[in-house]
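First up is the structure itself, then whatever we jot down about it.
The values are calculated or read from the model by the stated rules, or taken from the named source; none is laboratory data. Remember, it's a predicted structure, so these values are computed and weren't measured experimentally. Here Cβ is always computed from backbone atoms with ideal geometry, including for glycine, and neighbour counts include all displayed protein chains.
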Amino acid sequence: MANTLQDIPEVTARQRITFPDLVRIHFRWRQALRHDSRVTEAEQTHLNQEYHEALERFEDEHGELVAAYWCADVESAVALTAGKPNTGWLRRVLSVSPKFHRVSDWATKDEPDIARALHGCDELAVRASEVLRGRSRRITIQLVMTSACHLLSLVDARGENPPQAHKAAVAVEVRQLAQLRDDYRDAANGDAQLVYFGGMAIGIGLLAWLYVVAQSVLQGEGVEERTIIGCLVAGALGAVVSVIARINSGTFALDFDVARGYTLFLGALRPVIGSIFGLLAYFMLTSGFVNVFELPEAGSIERFYFLCVIGFAAGFSERWAQDTLTGGLTGRGRGKDDAAPAKPAASAAKAGAGRRAAVADTDFASD
């Protein structure tokens, strides 16, 4: 033990303490406290003071040490600190991320499965700290810390358990970590959806500003200003309702690992695209460019309601709008006199099933 004390340099007053440094100092201090150590009382006092000074300096940089697991016989450990933001008062008030720390190479050099699982803990902790916010982030990182503690405890108990029991215990922890990863994805997707909704609010605000700017253009002679605005609003509203419906059905997934600004941008585009499809449907139907529906008489309230419904459907389902308008443009899909070519019975049955699947796929689909 005396050789160990001589080989490792002491911590100086200006030295920055990293987590590996803290682990080494803690290991020396803990070894010195063992009943079979040959360390003198003076050396124990010195090591105790050195460890607590190093811990204080480490907490000054990373925040209070909330939880830790120190391996008994090797210089390995995992720890969780409360985090200490150093970039502005706004981040200090709103977003303080716990930090996960790990040094386990010595403990897992003969345990590749545990090493791989601990690497997964590192990855999940980084993603949670960067992507999640608030309660979801704290819960996820604390559960990552719990999994890492259990994995290192299996290393410490490796000689006490039979090989099969040890392997089964590692498999259980790996499954728990996989479940935690799925929970992280659900939480991250929920956060991304909130950002997306914020983007849609920005997009609606942009549409309102464009209407104010273009109001004079819409007041020309023969222009149905009320109907045009109704189709614009209905298309944007259809896009918003489409997103809400997909969220309720659990089919609205976002790429949550990208920058939040990009998700915000995509959300802002959604009502804009819906309103464009609603306006496009109005222009193509009223101009006679496509002949899909028989429009009510011009100037009637029925015409306004009818075109608003079409605008809402176009914004709700972009695929429906594309299929309907292009079908009317090419003269397909609405003609009653079009004779379908004869098909064998088996082929006709397959075609019918395909049409039913297509209807189920395109019904209220938005993207």
Residue count for the stretch 147-161, restricted to those that are of a type in the set (Ser, Thr, Tyr), crowded, with 16+ Cβ neighbours inside 10 Å and out of contact with any Asp or Glu (no Cβ under 7 Å at 6 or more places or on another chain):
0
Can you tell me which of GLY159, GLY198, GLY250 is touching a Gly at 6+ places or on another chain (Cβ under 8 Å) and of a type in the set (Gly, Ala, Ser)?
GLY198
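For every residue, the table says whether it meets (1) aliphatic (A, V, I, L, M); (2) modelled with pLDDT under 85; (3) assigned by TED's automatic domain parsing to the domain that holds ALA314.
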site	(1), (2), (3)
LEU154	yes, no, no
ALA171	yes, no, no
GLY198	no, no, yes
GLN219	no, yes, yes
ARG226	no, yes, yes
VAL233	yes, no, yes
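Would the stretch 98-119 turn up any residue that is surrounded by fewer than 19 Cβ atoms within 10 Å (Cβ to Cβ) and under 25 Å from the mean Cα position of the chain (by Cα)?
Yes, the stretch 98-119 contains at least one residue that is surrounded by fewer than 19 Cβ atoms within 10 Å (Cβ to Cβ) and under 25 Å from the mean Cα position of the chain (by Cα).
So in the stretch 227-284, with the set limited to residues that are free of Cβ contacts under 8 Å to residues at least 24 places away in the same chain and of a type in the set (Ser, Thr, Tyr), which one is farthest from ILE310 (Cα to Cα)?
In this case the residue turns out to be TYR262.
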Regarding ALA239, is this residue assigned by TED's automatic domain parsing to the domain that holds SER300, at pLDDT 90 or above and under 19 Å from ILE202 (Cβ atoms)?
yes
Is it fair to say ALA253 is part of a loop (DSSP other than H, G, I, E, B) and either within 24 Å of the chain's Cα centre (by Cα) or more than 21 Å from LEU206 (Cβ to Cβ) (or both)?
yes
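Yes or no: the stretch 85-93 includes at least one residue that is in a helix (DSSP H, G or I), crowded, with 17+ Cβ neighbours inside 10 Å and not assigned by TED's automatic domain parsing to the domain that holds ARG30.
No, the stretch 85-93 contains no residue that is in a helix (DSSP H, G or I), crowded, with 17+ Cβ neighbours inside 10 Å and not assigned by TED's automatic domain parsing to the domain that holds ARG30.
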Tell me which helices (runs of 4 or more DSSP H) are completely within the stretch 274-367 and hold 2 or more residues being exposed (fewer than 11 other Cβ atoms within 10 Å of the Cβ) and at pLDDT below 65, or say none if there are none.
345-362
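Collect the residues in the stretch 59-71 that are under 19 Å from SER147 (Cβ atoms) and small (Gly, Ala, Ser), keeping them in residue-number order.
Correct list: ALA67, ALA68.
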Do you know which residues across the stretch 20-44 are crowded, with 17+ Cβ neighbours inside 10 Å, within 19 Å of TRP70 (Cα to Cα) and either modelled with pLDDT under 80 or aromatic (Phe, Trp, Tyr) (or both)?
PHE27, TRP29
Restricting to the stretch 138-176, count the residues that are acidic (Asp, Glu) and within 26 Å of LEU65 (Cα to Cα).
2
